[in-house]
Amino acid sequence: MTRKISKALSYWLRHAPEAGGLTLDETGWAPVPDVMAALAREGLTESRADLERTVAESDKQRFELSEDGARIRCRQGHSVEVDLDWPAAQPPEWLFHGTVERFLDPIFAEGLKPMSRHHVHLSPDVETATRVGARRGDAVILRIAAGAMAQAGIVFRLSSNGVWLTDAVPPAYIARD
């Protein structure tokens, strides 16, 4: 059940709020009562405890509830226009990106691009990048020279679940780990 709820939340809160009858504010938040009504309409749950369990147990901590518990949002990965207001931060020297073999040629030719999302997502460690890359097959881990990128003036943002975000990663900063 939690997996189905997570998939619905990810879709509505990142890509198609209208599919759930939701309206996101400018920073991506949706009112929890509206989300609960959408989950009930889909036959997924009517239980606030199920929603809270889904938020707590999300493998990548995709979701967050506001401090007062009245709103919910996805932390990153949006294709709809939102300003998540993550602060600019100094990255560590190295970050990591999980992908699969079939994407390597374009990555090494053009760099990492956000594609349909707002940012490129980078992981703080090889283990997390491996989990991300393995969603599409045998994971290939790329080492990103984040410290050098920051010295060159490229801005990084850090989301509340530890995912590093940047607009793009030029090929010169990418190596196969």
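The values are calculated or read from the model by the stated rules, or taken from the named source; none is laboratory data. All values reported here derive from a predicted model rather than from experimental measurement. We place every Cβ from the backbone using ideal geometry, glycine too, and count neighbours over all the protein chains shown.
For segment 1-35: of the residues being among the hydrophobic types (A, V, I, L, M, F, W, C), buried (at least 16 other Cβ atoms within 10 Å of the Cβ) and outside any helix (DSSP H, G or I), which is nearest to the chain's Cα centre (by Cα)?
The initial filter retains those residues of segment 1-35 that are among the hydrophobic types (A, V, I, L, M, F, W, C), namely 1, 5, 8-9, 12-13, 16, 19, 22, 24, 29-30, 32, 35.
If we keep only those that are buried (at least 16 other Cβ atoms within 10 Å of the Cβ) too, we end up with 5, 8-9, 12-13, 22, 24, 29-30, 32, 35.
Narrowing the set further to residues that are outside any helix (DSSP H, G or I) leaves 22, 24, 29-30.
Working: Leu22: 19, Leu24: 16, Trp29: 15, Ala30: 17 Å.
Looking at residues that are among the hydrophobic types (A, V, I, L, M, F, W, C), buried (at least 16 other Cβ atoms within 10 Å of the Cβ) and outside any helix (DSSP H, G or I), I get Trp29.
How about segment 112-123: which of its residues are among the basic types (Lys, Arg) and either modelled with pLDDT of 90 or more or surrounded by fewer than 15 Cβ atoms within 10 Å (Cβ to Cβ) (or both)? Talk me through it step by step, then tell me what you get.
First, the residues of segment 112-123 that are among the basic types (Lys, Arg): 113, 117.
The answer is Lys113, and nothing else.
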Revision key, fill the gap. Counted residues in segment 14-24 being out of contact with any Phe, Trp or Tyr (no Cβ under 7 Å at 6 or more places or on another chain) and either assigned by TED's automatic domain parsing to the domain that holds Ser116 or in contact (Cβ under 8 Å) with a residue 12 or more places away in the chain (or both) come to 6
Point to revise | Residue match in segment 99-113 (condition: assigned to a loop (DSSP other than H, G, I, E, B), under 21 Å from Gln61 (Cβ atoms) and within 16 Å of the chain's Cα centre (by Cα)) | key: no
Review point. Failed condition for Leu142, given (1) within 18 Å of Gln76 (Cα to Cα); (2) touching a Lys or Arg at 6+ places or on another chain (Cβ under 7 Å), with all others met?
Key: (1)
Review point. Would a scan of segment 124-133 turn up a residue that is surrounded by 16 or more Cβ atoms within 10 Å (Cβ to Cβ), of a type in the set (Ser, Thr, Tyr) and closer than 29 Å to Gly20 by Cβ?
Key: yes
Review point. Is one or more of the residues making up segment 8-22 polar (S, T, N, Q) and farther than 20 Å from Asp85 by Cα?
Key: no
Revision key, fill the gap. Taking segment 134-162 and keeping residues crowded, with 17+ Cβ neighbours inside 10 Å and at pLDDT below 90 leaves Ser159
